[in-house]
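Reviewing the structure listed below.
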Amino acid sequence: MKRILIGVAWPYANGPIHIGQVGGCYLPPDIFRRYHKMKGNEVLMVSGSDQHGTPVTVTAEKEGLTPKETAEKYHKINSQALKRLGVKFSLFTYTMNETHKRVARDIFKTLYEKNHISLDSMETFYCENCERSLPDRYVMGTCPECGQEDIKGDQCDECGTLLDPEALLDPKCMHCGETPNLKESEHFFLRLSHFQKPLEGYIEDKDYWKNHVLNFTKGWLKEGLEDRPISRDMEWGISVPIEGYEQKKIYVWFEAVIGYLSTSIKWSEESDGDWTKFWKNPDAEHYYFLGKDNIPFHTIIWPAMLMGYNEELNLPYDVPANQYMRIGGQQLSTSRGTIVSLPDILDDFNSDAVRYYITAVMPETKDTNFTWEEFEDKVNSELVGNLGNFIHRVLSFTYSNFGEVPPAGEIDERDKEVIEKIERKTKEIGKSIENRKFKEGLKKVMELSREGNRYFNDKAPWEKLPEEDKMAGTTLNISLRIVKALCISAAPYLPHSMDSLWNYLHQEGSVHDQNWNGALKPLEVGTQLDEPEPLYEPIDLENMEKGAELIDSLKRLDLRIGKITKVKEHPNADKLYVTRVDLGQEKRTLVAGLKPYYDKSEMEGKKIVVVSNLESAKLRGIESEGMMLAAQEGDTVSLLEPKGEVGENIIGTVSGADKISFEYFQEYEFRTVVWENEKISSGEKLEPIKSDGFEGMSVALIEDGKALLLRDRKSPIKLDKKISPGSKIM
Ligand SMILES: [Zn+2]
Ligand SMILES: [Zn+2]
């Protein structure tokens, strides 16, 4: 058994994690962790939100929140999103926690006492106009290395160079755009120069590192390490623990890398684990997953800090940093737009489909592109068309002809060949993951599945039934072996669907608790099978875009829940009622042609749906300030009956939307629909924009055969009388 520590780069708590970061450093460690756990190794995986520094304060100022509020907000968003993606940590914490502060201060103090941190004066930027110091991201300017304009003062996103803002060309105050002045100030410096020799020794045997990581690190060492300022003049952050300097804050990067150690200690405090088994045991291996912009912090600065602080502590064994995954050729960066956030993509797509494609384009050795077209194509042709299809074919065919796992009879050469392939591929998949070659491992999963499809076709068990059902049984028994091997060896990549498959196969516990070598053990003969459901659904981007258009069109409406408080007959019209309706914040008069269909007493006290941004209109001399919605079918008229609170908006519609004319409203096609067995119909079959789970009659906005269900916060909108699906709402 091995002990493995996995450190995962700390996301800044200044925005949701984007999918470029997922491919860069969040998905790889999770695949690695799941695999090692299945190999029976003990894994400690730690990370958390980086809540200090100017990335957080700049965002807080923009959002009108305090730094603490911003830090807490994005910590919550990001921890939930990672959980939904299936990325599991031993502990995912945040840098505001007390253990972290304590450990960070202790390391700072110890390094200071050992003379690895010195105090010196330096010139830093100060804006006379704003009357404030301008650390890091408060200065924008041109990169002195690559010439990229408008970069932030701490690092160039374009070329990855780490900067002090004072090095920027044409510096500007981020707030007012004025050129800041340099001002003398005292700061603490990490004396990296002390570690030149020890670090050279440290990387000597690191020839197994990725080329770009090793070259980058060697490049820094070759240039000669310079001492770096590690304190800042700002209010937000961890105070420097040196008497007289407490108003200064520890530089966020110096402090954040300490999180790997402090979180391991916190994990010990909170569980019965022992962090020293991972940190002070020389056999434990430490892996750090991050994007290429963070390489120097993990191959130079963090090892130097560890060496200086306590020689007993383990140094990184490998830093398999990834390059950038860009979208449409543009780098994904939270601060630059053209981003796809993790929470957003998970709202729209199956998490395993997202994991599949991001792994397939993981930037392991060079920059890659995420494109939506390729996402759709790869998920449909590979995940659905190859893996999903193979598993589903085997399960459906076995289920309908045998109902259980059939025994294998005599096996021929082709059978033998495929059994050997299962063994070989499973081993290879494991090796690839172990070597941090996650794309290669996933390719092999797909090769095994392709082999399964080929074998199934070659054997054509359907041609043998019913006469030779023993022979068909053998084919299915062996095909099910492939299914089982896929279930286990794809589990690190596709944790949710493979766990469902595991349950479907009536196996005990979770697939993630199984031993990797169990992949080769055939399923027990006689294991009952249920009717299978496809593991994955194809992606239809065009359809989704239509859905987005429909959702968009709802935004021009202000549909609100009202309550009828009073009903009177219209003095000048036979069919009209004049009603008073409570809309929560306000009361309105609505004239409605409901007299032939409802008694006054039936209507009073009733909750209804009101189009409240309709231009007022005089109906036989009385002004109606909006319209209540009802469905009509011949002589039956039924009011829409919401369950939500009075004053609440129908989901997707916008309170205070611009006024619209009656003609404009009539262009919307609202109809009654019925939901049954996840299918929606208005008499004609419709395509739901969101699958819903709800059963029964409701109301939908319809366009081009697509239906968007109207709902309030409690439930879909119902009707108060029986009426056929497809009836028009007006
Ligand atoms: Zn300024
Ligand atoms: Zn640059």
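Of note:
- Exposure of Asp658 as accessible area (Å², to 10), given a probe of 1.4 Å and all protein chains: 130
- Ellipsoid semi-axes in whole angstrom, largest first, where each is sqrt(5λ) of the Cα gyration tensor of the range 624-724: 21, 16, 15
- Debye-formula intensities of the range 145-257, expressed as log10 I(q)/I(0) at q = 0.22 Å⁻¹, are -1.35 (one equal scatterer per alpha-carbon, no solvent).
- Axial C-alpha extent at least 24 Å, average Kyte-Doolittle at least 0.5 - helices from the chain (DSSP): 469-489
- Distance histogram for the range 101-157 (every C-alpha pair counted, 5 angstrom bins, percent rounded to whole numbers): 4, 15, 14, 13, 16, 18, 13, 6, 0
- Averaging the sequence gap over all C-alpha pairs within less than 8 Å and six or more residues apart, then dividing by the number of residues, gives the chain a relative contact order of 11 percent.
- In the range 195-320, the ratio of gyration radius to Kirkwood radius, Rg to Rh, stands at 0.98 when only Cα atoms are counted.
- Alpha-carbon radius of gyration plus Dmax, which is the widest Cα pair, for the range 470-567 in Å: 23.2, 77
- Rounded if a/c under 1.5, otherwise prolate or oblate - the range 62-168, Cα gyration tensor axes: oblate
- The base-10 log of I(q)/I(0) for the range 405-445, evaluated at q = 0.24, 0.29, 0.31, 0.32 Å⁻¹, reads -0.74, -0.89, -0.96, -0.99 [Debye formula, identical scatterers on Cα atoms, solvent excluded].
- In order along the range 131-136, the phi-based Karplus estimate (6.51 cos²θ - 1.76 cosθ + 1.60, θ = phi - 60°) of 3J(HN,Hα) comes to 6, 8, 6, 10, x, 6 Hz; Gly and Pro are listed as x.
- Mean accessible surface per residue for the range 117-262, computed with a 1.4 Å probe while every protein chain stays in place, in Å²: 46
- Rh by Kirkwood over Cα pairs, then Stokes-Einstein D for the range 415-504 at 1.306 mPa s and 10 °C, µm²/s: 115
- Glu269, Glu451, Glu223, reordered so the largest accessible area comes first (probe 1.4 Å): Glu223, Glu269, Glu451
- Ellipsoid equivalent to the range 367-442 - semi-axes via the Cα gyration tensor, in Å: 30, 21, 9
- Accessible surface calculations at 1.4 Å, restricted to protein heavy atoms, place the range 591-730 at 50 Å² per residue.
- Area of Thr57 that stays accessible when all protein chains are in place (1.4 Å probe, Å², to 10): 10
- Lysine pair number, Cα distance threshold 18 Å (strictly under), the range 569-715, separation 8 or more or different chains: 21
- Quarter of Cα convex hull surface for the range 277-329, i.e. mean projection, nm²: 4.0
- Solvent-accessible area of Trp220 with every protein chain in place, 1.4 Å probe, in Å² to the nearest 10: 60
- Built amide H within the under 5 Å cut-off of Asp50, gap 5+: Tyr12, Ala13
- Zero-based 5 Å bins, Cα pair distances in the range 342-403, whole percents: 4, 15, 21, 20, 14, 11, 7, 5, 2, 1
- Whole-number percent relative contact order across the range 380-487, with pairs defined as alpha carbons under 8 Å at least 6 apart: 41
- Relative pair counts by distance (%), Cα atoms of the range 248-337, 10 Å bins: 14, 39, 30, 14, 3
- Computed over protein heavy atoms with a 1.4 Å probe, the carbon and sulfur contribution to the accessible area of the chain reaches 45%.
- Note on surface exposure: Met471, Met307 rank Met471, Met307 by accessible area, highest first, 1.4 Å probe.
- For the range 306-437: rounded, prolate or oblate by the Cα gyration tensor [a/c cutoff 1.5]: oblate
- Value of Rg/Rh across the chain [Cα atoms, Kirkwood radius]: 1.06
- Probe 1.4 Å, accessible area per residue of the range 409-531, Å²: 46
- Accessible area in the full protein assembly, largest first, 1.4 Å probe, for Lys464, Lys555: Lys555, Lys464
- Rounded to the nearest 5, the antiparallel percentage of DSSP beta bridges internal to the chain is 75%.
- The range 117-186 shape via C-alpha gyration tensor axes, a/c threshold 1.5: oblate
- Cβ-defined net charge surrounding Ser90, 14 Å radius [Lys, Arg +1; Asp, Glu -1]: +2
- Cβ-based net charge around Ser553, under 10 Å, with every Lys or Arg adding one and every Asp or Glu removing one: -2
- Amide H to amide H distances under 5 Å link Asp558 with Ser612, Asn613, Val654, where only residues 5 or more positions off or on other chains count and H is placed in the peptide plane.
- CD proxy at 222 nm, helix term only [per DSSP H run n ≥ 4: -39500 (n - 2.57); per residue of the chain; nearest 500]: -10500 deg cm²/dmol
- Debye intensity ratio I(q)/I(0), log10, the range 519-659, q values 0.09, 0.11, 0.17, 0.20 Å⁻¹ (C-alpha model): -0.42, -0.54, -0.96, -1.20
The values are calculated or read from the model by the stated rules, or taken from the named source; none is laboratory data. Since the structure is predicted, the reported quantities are computational estimates derived from the model, not experimental observations. Every residue, glycine among them, receives a Cβ derived from its backbone with ideal geometry; neighbour counts consider all protein chains shown. These accessible areas exclude ligands, DNA and RNA; they are computed on the full protein's heavy atoms, side chains included. Shrake-Rupley method; radii C 1.70, N 1.55, O 1.52, S 1.80 Å.
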